[in-house]
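> This is the structure I have questions about; it appears just below.
Read the figures in this text as sums done on the coordinates, not as results from a lab. Here the structure is a predicted model, which means the values were calculated and not measured. Cβ atoms come from the backbone with ideal geometry, glycine included; neighbour counts cover every protein chain shown.
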Amino acid sequence: MAEIDRIRKLEGIAYFLCFVGSIPLSNWLIGNVGTTCIPDGPCLIPVAPGLDAPSGVLTVGLALTLRDLVQRRLGLNWSIVAIVLGALLSASFAPPALVVASTVAFLLSEFADMAVYTPLQRRRFVRAVVASSIVGLVVDSMVFLWLAFGSLEFLAGQVVGKAWMVLAALPILAWLRSRDRRLGILPA
């Protein structure tokens, strides 16, 4: 049992660090990486044919999944700590014009994600991650775009871009669930 607890904690710490690191990375991407950078606006990337989104969508989509994994490995309290720390980092690393939008969208979307994930996670882990991530990515997209730009012009691209990252995580989540069952690793 001690070995299983050690694995759970080490994985939880890794997920926590990746989650926390995804926030400044997302803010940096929005201002620096894209196929098109709008003056005084975001840098955009294509997420589907004819559909662009601010480049931070990829790491935001990943952050929603990582937060669920932090909670699965370390528990609800650590998940709340991760969200609060993430909001502080978001405020610290966001371009000045995007600080409020980035921070508020982050807080609201992560707590919405947690509200959906928490009651579902014990019995339906992969479905819980998918459902909570969808809620979180829609909340994040709408709040961020409205507060940052006063427009929902890039909403479809934001949702699609974040959803790609959630979809990309599904095989890993299924493997993790299977491995956890095999090893007897229970969620925190």
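> For a quick check: with amide H placed at 1.01 Å from N, whose amide H comes under 5 Å from residue 75's, ignoring anything fewer than 5 positions away on the same chain?
188
> Based solely on its DSSP helices, what 222 nm [θ] is calculated for the chain when runs of n ≥ 4 H residues each add -39,500 (n - 2.57) and the sum is averaged over all residues, nearest 500 deg cm²/dmol?
Numbers: 6 runs with 143 residues, N = 188.
About -27000 deg cm²/dmol.
> When the Debye formula is applied to the Cα atoms of the stretch 2-183, each taken as the same point scatterer, what base-10 log of I(q)/I(0) results at q = 0.09, 0.13, 0.14 Å⁻¹?
-0.30, -0.61, -0.70
> Could you work out the relative contact order of the stretch 2-183, using alpha carbon pairs under 8 angstrom and six or more residues apart, expressed as a whole percent?
Details: 274 pairs, mean separation 42.9, N = 182.
Computed value for the stretch 2-183: 24 percent relative contact order.
> Each residue of the stretch 63-79 in order: what ³J(HN,Hα) in whole Hz does its phi give by Karplus 6.51 cos²θ - 1.76 cosθ + 1.60, θ = phi - 60°, with x for Gly and Pro?
3J(HN,Hα) across the stretch 63-79, in whole Hz: 4, 4, 5, 5, 4, 4, 5, 4, 5, 5, 8, 10, x, 4, 4, 5, 5.
> Further question on the same structure: Scan around residue 53 for amide H atoms under 5 Å from its own, H built in the peptide plane at 1.01 Å from N, and keep only partners 5 or more places away or cross-chain.
Excluding prolines and chain starts, which carry no amide H, the hits are 45, 47.
> Sort by residue number and name the cysteines in the chain that have no neighbouring cysteine Cβ under 4.7 Å.
18
> Please rank 142, 1, 114, fewest neighbouring Cβ atoms within 10 Å first, as an exposure proxy.
Lowest to highest Cβ neighbour count: 1, 142, 114.
> Loop by DSSP (not H, G, I, E, B), at most 15 other beta-carbon atoms within 10 Å: where is the longest site-free stretch of the chain for trypsin sites (Lys or Arg not before Pro)?
Numbers: sites that count: 122, 123, 124.
By the stated rule (loop sites, at most 15 other Cβ atoms within 10 Å), 1-121.
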